[in-house]
Structure formats: C-alpha cells, structure tokens
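Q: Got a structure for you, questions after.
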Number of protein chains: 2
Amino acid sequence: MKRLFFFALICIYCRLLCAEDGSRLWLRSEPAGTAEVSVSADSPTLNLARRELQAYWKGSPVKLERTGNRNIRELTPEGFEIRTEDNHLVIRSSGDQGILYGAFHLLRLQETGADLSALDIREKPSYQYRVLNHWDNLDRTVERGYAGRSLWLWNELPGTLSPRYEMYARANASLGINGTVLNNVNASPLILSAEYLEKVKALAGLFRPYGIKVYLAINFSSPAELGGLDTSDPLDPAVRKWWKDKAKEIYTLIPDFGGFLVKANSEGLPGPQDFGRSHVDGANMIADALKPFKGIVMWRAFVYEPEDDDRAKQTYQEFVPFDGQFRDNVIIQVKNGPVDFQPREPFSPLLGAMKKTPTMVEFQITQEYTGFSNHLNYLAPIWKECLESDTWQQGEGSTVARVTDGSVYPQKLTAIAGVANIGDDINWCGHHFAQSNWYAFGRLAWNHRLTSEEIAGEWLKQTFSLTGVEQRNSVNVYNEIKEMMLTANETIVDYMMPLGLHHLFAFGHHYGPEPWCAIPGARPDWMPSYYHKADKEGVGFNRSTSGSNAVSQYHASLKEIFNDPLRCPDELLLWFHHAPWDHTMQSGRTLWDEMCHRYSRGAAQVKDYQKVWENALDFIDSQRFEEVRHRLKIQARDAEWWRDGCLLYFQEFSGMEFPQGMDAPVHELKNMRKYKLDITNFENPTYEMLFKK
Amino acid sequence: MKRLFFFALICIYCRLLCAEDGSRLWLRSEPAGTAEVSVSADSPTLNLARRELQAYWKGSPVKLERTGNRNIRELTPEGFEIRTEDNHLVIRSSGDQGILYGAFHLLRLQETGADLSALDIREKPSYQYRVLNHWDNLDRTVERGYAGRSLWLWNELPGTLSPRYEMYARANASLGINGTVLNNVNASPLILSAEYLEKVKALAGLFRPYGIKVYLAINFSSPAELGGLDTSDPLDPAVRKWWKDKAKEIYTLIPDFGGFLVKANSEGLPGPQDFGRSHVDGANMIADALKPFKGIVMWRAFVYEPEDDDRAKQTYQEFVPFDGQFRDNVIIQVKNGPVDFQPREPFSPLLGAMKKTPTMVEFQITQEYTGFSNHLNYLAPIWKECLESDTWQQGEGSTVARVTDGSVYPQKLTAIAGVANIGDDINWCGHHFAQSNWYAFGRLAWNHRLTSEEIAGEWLKQTFSLTGVEQRNSVNVYNEIKEMMLTANETIVDYMMPLGLHHLFAFGHHYGPEPWCAIPGARPDWMPSYYHKADKEGVGFNRSTSGSNAVSQYHASLKEIFNDPLRCPDELLLWFHHAPWDHTMQSGRTLWDEMCHRYSRGAAQVKDYQKVWENALDFIDSQRFEEVRHRLKIQARDAEWWRDGCLLYFQEFSGMEFPQGMDAPVHELKNMRKYKLDITNFENPTYEMLFKK
C-alpha cells in the first residue's frame, strides 16, 4: 500500500516535471490565486479578465476600470492603458475587450520577466480586423493543414462543446486576434445551411466573451447549390434576395456575426465572372446583404488563369481597374506576394496601388511551402519583410504596413488575415515551434511595429520558460534558439529556392523539390518550369520590361531597381530576371556558384540547428525536446534532398561544376525524380513516408 | 554521307576519350608495338612475356634470359633480375615464370613513371603460394560477392572460353598471383564430379601459361555424397581410397593441379569431427591423397561452436594442440583476426603460436564487413597492420609477416590467401576503387614489405593515369585521392565500429548497423550483443584475465599490454575490455565522448571524400567519375546511418549526452530498428533498396 502511494507520488512528480505535450501553448503560467483584482463593472468579458488575473497574476493589486475618458477613448475600445498608481495597478479601457487585452498584456509582461515596478503603457491595435482563416473542410480535413484534423467537431456541434474551443479562444484573446473564419475558402455551400448555422452559432457564443467574432467563407454558387435557384448571378434579383435573406437568418442567430470571406473565380471556384459579371458586381451584392447588420466582406484578390498573362501580374490586372468601385464594407484580401505564399516573394504590387479601396494582407501561417510541420520555421521575419516593404505609392515610407493600416489612405476598414496552422494535434500546430507563428501573427496583427526578435523572445520565454541563466558549456541556450528562429526562414529559402526562385515544389502537395515536374496536359502555370525557366543560357523568370513586364506594376522608384539586373537585390534576381549562369552577383560569385553556395549553406545551417537544439537538452522538458529533435532530423535530411534535387537539376542546364569545397550531393537526380510521396494536401508526411521517398 | 562519316569519327573520338568502364583494370597502357624484344628460349610463358613487352614497352631493347646462374637461382624460378646493360635491358630468371613477372614489373615501372635509366632490380616473392579464394558457387552466385555473378560460366565450360578468363589470368600474373581456388569454401561435392573436372581442366589450361595453378575447395563429405560411400570417415579405408582415386583422376586431367582448400566442421559444414576424428585426421588423409602429385592442402582454422568458449578463442584452442602433427603438405589457413574479417581486429593468436606447422594468413578482399562494393575502401593499410603485428613468439620482430613467410620458422610451405572480390561486373569488382584491393593483395603477396602508400600510388597512376601535374584550384588531385585511399579503412572503422567494437552488423547479409539485433532462438554468437555486451556500466567484451581470458592466447609481452585497460591501445580497448562509459581514453576524453567523436569523425570524413572526388572531375573520365561519385553518395548516407544507429543505440545504455558541437543524428533509432534490406549475402544493395531502408 505504502509502495503504491510512493509510486503514485513519483508519477505525479514526473508528470509535473516532465510531461509537457505543448498543449498549453504559450499560456503556461501556474495558477497562484493570490491576486487582488477589483473591477468597476460586470460583463462576461470583464469576468474573464478578472479570472485570468486572479489566477495568474502574482504582483500588486489590480483595478480594472472601464472609462469614457477622452485619452482612453482614443485608444479604441480594444486599446488599453496600464499604469502603476500608488501601490496598485490600473488597467483602463473604453471597452470591456480592451480591459481583457490589458489583462493578458500584464500577464505577458510578468511571464517574460519585464520590469513591473512603474508601468505606464498605452496600446491600441494596428488593425481593426485581426482574423485567422481556417482552411478547414466540413469533413474535418484541413487543406494545407499539417497538425491533424480540424478543431471543429461538426458532428458533435452544437450539442457538445469541446474544451479545446475555449482554450483556442483564450489563446487568440491573449494575442488580440478578434476574428476567425471557421471554414475553408474553397467553401462548401453547406456551411450556410440552417443545420450548420446552428453549429456556427454555438461556437460564436463561446468565442463572444473573448472578443472573437465568427466569419464564414462562402461559396459564390450557394444560391443555386444550396438555395435551389436557377442561377447565382449577382445581378439576378432572386439571387440578391437569397443573400439578403441568408444574411438576416445568420444575424438573427448571431447578432455580432463578422461577415464573409470570398474566394471567387479562383482555381476553379465559382464567381461572378461565370455569369459575365465582375468582381465588383459580386462583392457589392454580398456587401449589400451584410450592410444592414454591419457585416463586412473580405474579397480575395487571389485570381489567375492559365491562358492569361504572367500569373504574377494577374491580381493587379484584375483588381486595379475596379479601384474605388467597391462598397465601403468590402475589403480586398491580398496575399503578401504576387504568386502564392512562396518562401520569399516581393510584396504584391496591388498593395498600395489600390488607393480608394481598402486592402488587407493575407499571410500564410500554415507552412504549405516551407516544409509543413516537419520543418522548423519562424515566419515573423518574412512577414515583417513584407510589411516593411516600401511601395513608394505615396512617396517614400508608404510601406505595406502603412498602406493597409490606414496611415497612408483614409480607409474605413483595416484588417489583416493569417491562414491558420491549427489542428487537433495535442500541441495544436504539429511542430512545437509552429506555435510561434500563430503567436507572431497575432502579435503583429496587434502591433506591426514589434520586431521579429521581440516577438520571438516573448514567445520563447513563455513557451519554454527559458528565463533564468540558460548556460550550457558557456552557450546561452535562449539566445541560440532565438537566433535559430530568426534565421529559420532565410535558411529554408536557402535550401529550397534562393535568389528569387519560386514554386519548385512537388506537384499537388508541395512537399519536397520537383523542379523537373512535367505532367502532360497539366496547367502550365502549375508546373515549376513555368517559374524557373531554366535553360542552357540561364535561369529565372524575365519579368523585366524586356519580358513579362511585371516590374511595371511597381511604383517607378522600385521598377527602376527591379528592372535592372545589376541593381535588383540578389534575393529577388531570378524572380525578375532570366539571368545567365555566369552573371556576377553582388557577392562577386557567378550566379551558378552563388546558387550552389546558398543551397549548401541552407542545408548546413539545419545541421547547426540540430546542434543548437542538442545544447538545449538540459533546459527543455523531455517530451518537447524529443519531438523537436525528431522533426529537426527530418528537416536536416529534407534540406539535403532539396539542395541535391535543385542543384543537380539546374546543373543539367548550367553545365557548370560545383564550386570547390562545396558539400557534394548525396542523392542521385534520377532517383529523386522517382520520389512520389503518397500524401494529400492536408497531411503531414510521416518519417516513414519520407524514408521511402 | 559525309555527315555520317563525321558522326562516326566523333563517336570513335568520344569513345577513345571518354569510354572508360573500368574493364581494363590497371592494365591500361595503349599498345605501341615498337619494342625490340629478344628471347633465349621458347615456351608459352616466355611468349606471353615477349608479347606483353612487344605491345606495351616503349623503351630500349629488352633481352629475356633464362639462366641457371647461382645468383639468379637464389631468386627462385619466380624471381627475376632486371638490369640495364650497355644500351639494353635484360630480364633474367631461372624460370619462365620469373621472366613473365619481370616483364610485367618493367611495364609497371614504365606506367608509374619510374626512372628507367639504370635499372638494377632483384625481386623474389615473399610467399610461395599467392592464392585467390573465390567464394563462387556453381549456380554462379558469389557468397559475399558484390560485383555481379561468378566469372566462371560453368554451363558453357569446357566448350566455350570467355575472353574474360584470359584477362583475369593476365591481371593476376601482372601482380604475381599464382593460384586460384575456383569455388566457394562452402563447397558443393559436385565440383569433384567428372563433369566439373573437365570444366576445371579447361580453365587450368588457359591459366597455365600465366603461371596460375588451379585449386578446388572440397566438401569433406564428398566420398559419401558424390561417391556414394556409406561414410566420409577419414580413417575408413574406402574413404581414403576414394580420395586417392579422386586425386589421381584430377592429376591425370591437370598434372599441375594445385591442391585442395578445406573448410571442415565450421558453420555447419561436414568434417572429420562428424566421425569422431580430429582436424589432423582429416587434413592428413587428404594430404596423403595429394602427396604423390605434389598437391597441397590448405586447411582452414576458422572453426567455432556456439556452445563453446568465447568465439575469439576457439581457433587457437582447436589447433594449437595439433601443432607438429600435420603432414608436410598441409598448411593451416588462418583468418587475419580471431573472429571474422572485421573492419579491425587484433591478429589471430594462432599466427606464430603454431611453431611446427606452417600457417598462412587469409585476408578478405571482398568487402563483406566494410560496406560491400558501395563503400570506397582500400584494404592495404589494415592488412599491413596485421602483417606488421609483432607476435613476439620468437622474440621481438616475430611479426605475422615473418612467422608466415618462413623467416621465423623453417617451414617448407609459405602462402597467403585473399578472398576475391571479383565478379562478372564489367569493372570486375563493383566499385572502381575495389580493384585496388585485388591489386594490393597481389602486390603484398609478392612483397609484403611494400608500403600501403607505394601500392596505392602504383595502382592510382596505372588505373587513373594520374601521372602529370594534377592540379585543380591548387589541389593536388593525385595526392588527395591517395590520401583518401590510405585513410579509407580507418574512416570505415570510425563510422562502423571504432575502439575495438566488432560485429555490430545487420544479421545475415552484414550490410548496415544492427547492434540491437536479437532473433529469438538464433545462435547467440551470431548476435551483436554477444560481442558488444553493452550495459549501463559500460561496453565491450571482457577478454582480459578477469573475463574470457583470450588475452592469454597472446605472448606474455602482448598479453600484459592487452590485459591492462590503461595500456591497451584505444583501437582495441573494447575488444579486450568491458570498459565503463566514463573510462578515460588516451585522448583524455571519456569512452562515451571518444566513441561519439570517432563515429562523427568517420561520417564527416566521407563527406570530405566526396569533395576530394569532386576535385578530380577534370582528371577522371566521365564514366568512372560518375560511378564512383554515385557510390560515394551511398557511402555518405550509410555512414550517417551507421553513426546514428550505433550512437543512439549505445546511448540507451550510457545514458550520457552527446558532446557539444557533435553533428546531431538525422535518423530515429526506432525507425532504424525497422530497416530490413531485402538482400542475400551475395547481392550488393542497390541505391533504391537503400533508399527504402
């Protein structure tokens, strides 16, 4: 009996000490329950704020104060002030939501070891709408999702509410994310059925106190496919009525419903062009239906057709002519780059070019193009690169951040979206470090001036409790891991597609290299050779004035630089130019040597990451340590696969030798050409699958 | 028409320039046909010598002179003198064979760029019998052969003689190899049938002018199994008669037949012990049958039983008591190490301990335990390590070379054997560099005082024509490749089983690591744990006086060293000791850290070999360059597999962390435990198979 007791004690102790499955995300503070919290009013949201602080705050008493003071009102109802006053703290906001955000902010300061002695903080969000896009299908697969199946247990809803829904809401609220599109942009009409709307209502009710509005992605053919109409023509009165009725039905159930996200006439999905109408016709018709209820339409600009011009140009060509014609509750959702979430792209030229229409950036949090949840990536640096890109559209300083946050154009709506990387994996995101991208998206949506390093530091300290002195053999583990995060995307760019190369991915699922992919009869713009255009003379897509002229979609100040192969940044050279193999790069190397150098550097860097992680052994709980270690192994091997696949393939064109001293390939091109991963676009390849590649 | 002509010309040119499939081995001199050669007599062997020189010699006139002069006679009929006399050269020998060897020697000097101005060379062989052992089965599989199927086209013999037979004979003669055992030591009785003897006769006739005698491996049960007797008891008069008759039959067909190689009572093969007789009874019975015809018996000492003592001790235990009891035409063939051709072993203690019985060393040229023909290995250094090991049996300087070559003991027979790595692959040995091991065996058999470096240099110069100034980016390619060869075996030891570890191989085929292998009911001495004995305390086989006491089979001077873990060389520590994981090595590192260091060093070294080879791009014909490059890739990946497999496995016992800065594993132990290569023990795994491991 005594033995059993000791055994139980040991089990509990081990569990406390070791069991870290990542399910608690960055919210890992142990409850103390000692805080004194007073609150001036009562509401579900304020109660949440009080509950969080009562459980986790370990400092002086806190007062939560909703106030109509002008200097607080100007922070918006989501903004807040935190001040030390006498021997207590006050969190003030003009809205309950601001107070909840203030509470989470205060707890973050505590968990990251900030100086809490004399706080005087004023925060307001960079964007009004900070939205996750879930590409979740109703069958619980997640398109481009690599963390298991969908969080949403549609078959149990609305009757059963998984405890994960609330954890999800709390995690989002801790960052300031205030909207979620529950379903895939490749939307099923079924989501608007009465049955599903009841399910949506249940989730919306649960998310409401956390300040999270629910949105839905809609299928433009819903009037016909769900409603039984003959058409879905946006100018057809019956169709317009159907949408108005549907909006009313939704808002009756969910009075604060956020609105619709629409992917129309894109990759085979229906849209207004099917009826000879324009994107404006389509978007405005939906907008009109939502307008009475203050709902908004996020209309995606991601459109391209194989028979048209250079794919990179089509979004701009399609949308710029409509500038100023959209309703005031429409915002155009633009992917950060002109093609498709590549490891690196220049910013989309539509951003800043739409001067009378609000635009919002869509980032991809899920790693469709950067190794799924097998590769360690921290995306803040590449998002910051986009946000800080200067469009020059209203003179120097017209950065993407400022042309979308209302600083440059007086737009009524400001927003930012991120395609979620969340699934039902116990650790939410598949890779423990992929949580940092959910975190970083939320933090940047709230404040796009935060640096990648600040965000990485915050996340690391909260997630891995790396707060004390983290030394092992005189290595500062915290700094090393942070550095690994900060360089991760550049490393992936290096070993996947450096120098402006893009879309060399395996067909369909996009895992692993397939620059040689050639499927008879397939859409040419879905083949890598459409993008890399390698031949004996050189490599890269000529988008200069002598080529597709995509450069001319950029402001003259930029066009001039991008158009000149000698001035175009090396990082984008092959995006804009078909450069000869012996082109002299800014490093002084030839293009071929530079390409070899970058691919090799990338592959070598992953091995260094493995070493960084090994050094962290004593500081990370064993479960998460092992799981990250495991995925780093996959990444190290994949990086060599990428390096070898691309270099050996391009070498067939360059005919040039590998530079002396370069790590030699370990794969044969002819074998790599045969690798076929038996995965869909919503699966993360397992180790065993990769082994058989 | 003109076009066709040019096309043909270009084809021929390309063929001359590029087509190098390795089929010409180290005999790649282009015929000049300008040499003046005179010869004092006429014989098939002398004609061969004349023909070789006439075709390939490019220097002053050569006289071939058979002479009975005492100072030539003392070189033996296989030895020779080469002298510059006036304005011509003379090759002198007391035998035709010596003159042929002299001719090949002179050509080698020419091809390796030696100074030919004033030659005064006297050579005689280190061993009388210099024999290849083919482990070729009659179905043309080759046990532990990785270069295709058997050279011997039994079904075509004796009617058809493949041109490769003569090339084989010429290659052997160029090195001084003078005997070949055509068939596997795991012998089929059928080889002694009248039908097969006719085939053997055809080969013997073809090899005769090249000075190569044919031997056969025999099955001890042949009298019963082939002859239909009731028994194969060596003391049975009918059995003795059967062997005498069989010998007579053979010698009638092949008057210069060499003799028999016998594997008896070993790994399930029949032998005298099956009838309650001893190895002496068996060997002497066979010897008596061969004696009238001057045939010899090479009786293998490779015997061990699972139920007996430490396997490493059994050869010594079994044979030492019989010292002095064998007939004078018996020689005991002893594997270089006490276990089985491991990447590194101490020398077999039987060598030198048999004082009244001739012993010969058996090396394994084929790379059963060093990566098959996929891994680049040059075996001369490890063979030299054995040959130069001091047995101390007759005082300091009683090296293995000297206790087997007749210098230490006045033995009548001296011999050396190598298990061939030859198959019907176009390049003979699978890996182009594996040819160097055939070459090195032959050269060391002729002269065991040659250094590994001398032999590597000779082979490289002849095989890859790397004679001029081989500079690429100021790298001396010849020196780099030679260095790669010289370090290759040590590199393999590093990444497979450093520090005296042994037999960690995958079960059966022996390709890849499987230190965890545990097959229920299998012979314990075929399981890796029998050899590594890893546990929480340490690793290694305690063969010291406190353990199996195998150390005591060595001379006291050595025993003392091997027995003391502080004096035992690091390279053999775990052969002789079960050392604690924190044992301090001679490097100052702990055993665990040193093990990690060596495994990592080995794996990294292969990547360096890849770079060495890449540097050789401009100097090696494309076919051989690509083929070696291909196999180096396999090796680089295999080396990581070995490193990870062994280190992750042993880490489960050591419980110690990897040293900081070490390349982290890229494989998961649990996955490696599942790898099963679907190969037999006579196949070289293909790239595709390895990919699926």
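The values are calculated or read from the model by the stated rules, or taken from the named source; none is laboratory data. As the structure is a computational prediction, the values presented were derived from the model and not from experiment. Counting neighbours? That spans all protein chains shown, and the Cβs are built from the backbone with ideal geometry, glycine included.
Q: Can you tell me which of (1) farther than 28 Å from A:Y168 by Cβ; (2) without any contact (Cβ under 8 Å) to a residue 12 or more places away in the chain; (3) of a type in the set (S, T, N, Q) is the one A:T252 doesn't meet?
A: The number of the failed condition is (1).
Q: Could I ask something else about it? Applying the selection to the range A:634-652, what residues are among the charged types (D, E, K, R) and within 11 Å of another protein chain (Cβ to nearest Cβ)?
A: Scanning the range A:634-652 gives A:R637, A:D638, A:E640, A:D644.
Q: Confirm whether B:V334 is of a type in the set (A, V, I, L, M, F, W, C), in contact with an Asp or Glu (Cβ under 8 Å, 6 or more places away or on another chain) and surrounded by 24 or more Cβ atoms within 10 Å (Cβ to Cβ).
A: Criteria met by B:V334.
Q: Restricting attention to the range B:653-693, and to residues there that are without any contact (Cβ under 8 Å) to a residue 24 or more places away in the chain and acidic (D, E), which single residue is farthest from the other protein chains (Cβ to nearest Cβ)?
A: The extreme case among them is B:D678.
Q: Another one. Before we move on, is A:L107 among the aliphatic types (A, V, I, L, M) and in contact with a strand residue (DSSP E or B) (Cβ under 9 Å, 6 or more places away or on another chain)?
A: no
Q: Search the range A:278-315 for residues being basic (K, R) and crowded, with 22+ Cβ neighbours inside 10 Å, and hand back the single one that is nearest to A:F220 (Cα to Cα).
A: Looking at the filtered set, the residue picked out is A:R300.
Q: Additional query: If I go through the range A:570-611 residue by residue, how many of them are among the hydrophobic types (A, V, I, L, M, F, W, C), surrounded by fewer than 22 Cβ atoms within 10 Å (Cβ to Cβ) and in a helix (DSSP H, G or I)?
A: The qualifying residues number 2.
Q: Ok, one more. Please identify the pairs in which a residue from the range A:273-287 that is over 16 Å from A:A301 (Cα atoms) has its Cβ atom under 7 Å from the Cβ atom of a residue that is part of a helix (DSSP H, G or I), counting only partners at least 6 apart or on another chain.
A: A:M285/A:R240; A:M285/A:W243
Q: If only one of B:A415, B:A401 is within 21 Å of B:N489 (Cα to Cα) and of a type in the set (A, V, I, L, M), which one is it?
A: Going through B:A415, B:A401 in turn, the sole match is B:A401.
Q: In addition: Which of the residues spanning the range A:106-131 are crowded, with 17+ Cβ neighbours inside 10 Å and closer than 24 Å to A:R402 by Cα?
A: Across the range A:106-131, the qualifying residues are A:E123, A:K124, A:P125, A:S126, A:Y127, A:Q128, A:Y129, A:R130, A:V131.
Q: Here's another thing I want to ask about it. When you scan the range A:115-124, do you find a residue that is free of Cβ contacts under 8 Å to residues at least 60 places away in the same chain, under 23 Å from A:E78 (Cβ atoms) and within 26 Å of the chain's Cα centre (by Cα), even just one?
A: For the range A:115-124, residues free of Cβ contacts under 8 Å to residues at least 60 places away in the same chain, under 23 Å from A:E78 (Cβ atoms) and within 26 Å of the chain's Cα centre (by Cα): present.
Q: Hey, A:A616 hits all of (1) more than 9 Å from every other protein chain (Cβ to nearest Cβ); (2) within 25 Å of A:N671 (Cα to Cα); (3) surrounded by fewer than 24 Cβ atoms within 10 Å (Cβ to Cβ) but one; which does it fall short on?
A: For A:A616, the failing item is (2).
Q: Okay, next question. Just to verify a result, which residue in the range B:359-397, among those that are small (G, A, S) and either in a loop (DSSP other than H, G, I, E, B) or in contact (Cβ under 8 Å) with a residue 12 or more places away in the chain (or both), is nearest to B:T686 (Cα to Cα)?
A: B:S373
Q: Okay, next question. For the range B:54-96, which residues satisfy the criterion of being part of a strand (DSSP E or B), among the acidic types (D, E) and either within 23 Å of B:T112 (Cβ to Cβ) or touching a Cys at 6+ places or on another chain (Cβ under 6 Å) (or both)?
A: B:E81, B:E85
Q: Yes or no: the range A:361-370 includes at least one residue that is over 24 Å from A:G268 (Cα atoms), crowded, with 23+ Cβ neighbours inside 10 Å and within 23 Å of the chain's Cα centre (by Cα).
A: yes
Q: Also, I was wondering about something else. Residues that are modelled with pLDDT under 95, over 30 Å from A:L53 (Cβ atoms) and of a type outside the set (S, T, N, Q): which strands (runs of 3 or more DSSP E) entirely in the range A:173-287 hold 1 or more of them?
A: Of the strands (runs of 3 or more DSSP E) lying wholly inside the range A:173-287, none has at least 1 residues that are modelled with pLDDT under 95, over 30 Å from A:L53 (Cβ atoms) and of a type outside the set (S, T, N, Q).
Q: Hey, another quick one. Within the range A:532-543, can one find any residue that is in a helix (DSSP H, G or I) and buried (at least 23 other Cβ atoms within 10 Å of the Cβ)?
A: Checked the range A:532-543: at least one residue is in a helix (DSSP H, G or I) and buried (at least 23 other Cβ atoms within 10 Å of the Cβ).
Q: Filter the range B:288-304 for residues that are outside any loop (DSSP other than H, G, I, E, B) and under 23 Å from the mean Cα position of the chain (by Cα) and give the result.
A: Within the range B:288-304, B:I296, B:V297, B:M298, B:W299, B:R300 qualify.
Q: A further question on this structure: Considering only residues that are within 22 Å of A:T76 (Cα to Cα) and assigned to a helix (DSSP H, G or I), look in the range A:441-465 and name the one that is nearest to the chain's Cα centre (by Cα).
A: Among those residues, the one meeting the criterion is A:F441.
Q: Return the pair list, or none, for Cβ contacts closer than 6 Å from residues in the range A:310-330 that are free of Cβ contacts under 8 Å to residues at least 24 places away in the same chain to residues that are part of a loop (DSSP other than H, G, I, E, B), at least 6 apart or on different chains.
A: A:Q314/A:Y304; A:Q314/A:D308
Q: If you don't mind, there's one more thing I want to ask. Select from the range A:313-355 the residues that are on the phi > 0 side of the Ramachandran plot and among the small types (G, A, S) and list them in ascending order.
A: Matches in the range A:313-355: A:G324, A:G352.
Q: State which residue is farthest from A:V361 (Cα to Cα) when the search covers only the range A:120-149 and only residues that are β-branched (V, I, T) and part of a strand (DSSP E or B).
A: Once the filter is applied, the top-ranked residue is A:I121.
Q: For the range B:26-68, give me each residue that is within 22 Å of B:G205 (Cβ to Cβ) and loosely packed, with under 14 Cβ neighbours inside 10 Å.
A: B:A41, B:D42, B:P44, B:R51 - these are the residues of the range B:26-68 that are within 22 Å of B:G205 (Cβ to Cβ) and loosely packed, with under 14 Cβ neighbours inside 10 Å.
Q: Another question, if that's okay. If you scan the range A:319-332, which residues turn out to be touching a Leu at 6+ places or on another chain (Cβ under 9 Å) and either under 24 Å from A:R543 (Cα atoms) or part of a helix (DSSP H, G or I) (or both)?
A: A:F319, A:V320
Residues are listed down the side, and each one gets a yes or a no for (1) among the aromatic types (F, W, Y); (2) more than 9 Å from every other protein chain (Cβ to nearest Cβ); (3) closer than 21 Å to B:N476 by Cα:
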position	(1), (2), (3)
B:Q586	no, yes, no
B:R598	no, yes, no
B:G602	no, yes, no
B:K607	no, no, yes
B:K611	no, no, yes
B:S622	no, yes, yes
B:E626	no, yes, yes
B:R629	no, no, yes
B:L632	no, no, yes
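Q: Related question: May I ask you to verify whether A:L648 is assigned to a helix (DSSP H, G or I) and either on the phi > 0 side of the Ramachandran plot or aliphatic (A, V, I, L, M) (or both)?
A: In short, yes.
Q: Would you point out which residue out of A:S529, A:S465, A:S474 is more than 23 Å from A:W383 (Cβ to Cβ), surrounded by fewer than 23 Cβ atoms within 10 Å (Cβ to Cβ), polar (S, T, N, Q) and modelled with pLDDT of 95 or more?
A: A:S529
Q: If I ask for residues that are closer than 20 Å to B:R443 by Cα and either modelled with pLDDT under 95 or aliphatic (A, V, I, L, M) (or both), which ones from the range B:61-99 would you list?
A: Matches in the range B:61-99: B:L75, B:I82, B:I91, B:I99.
Q: Still on this structure, I have one more. Check B:I561, B:I519, B:I492 and return the single one that is of a type in the set (V, I, T), surrounded by fewer than 18 Cβ atoms within 10 Å (Cβ to Cβ) and assigned to a helix (DSSP H, G or I).
A: It is B:I561.
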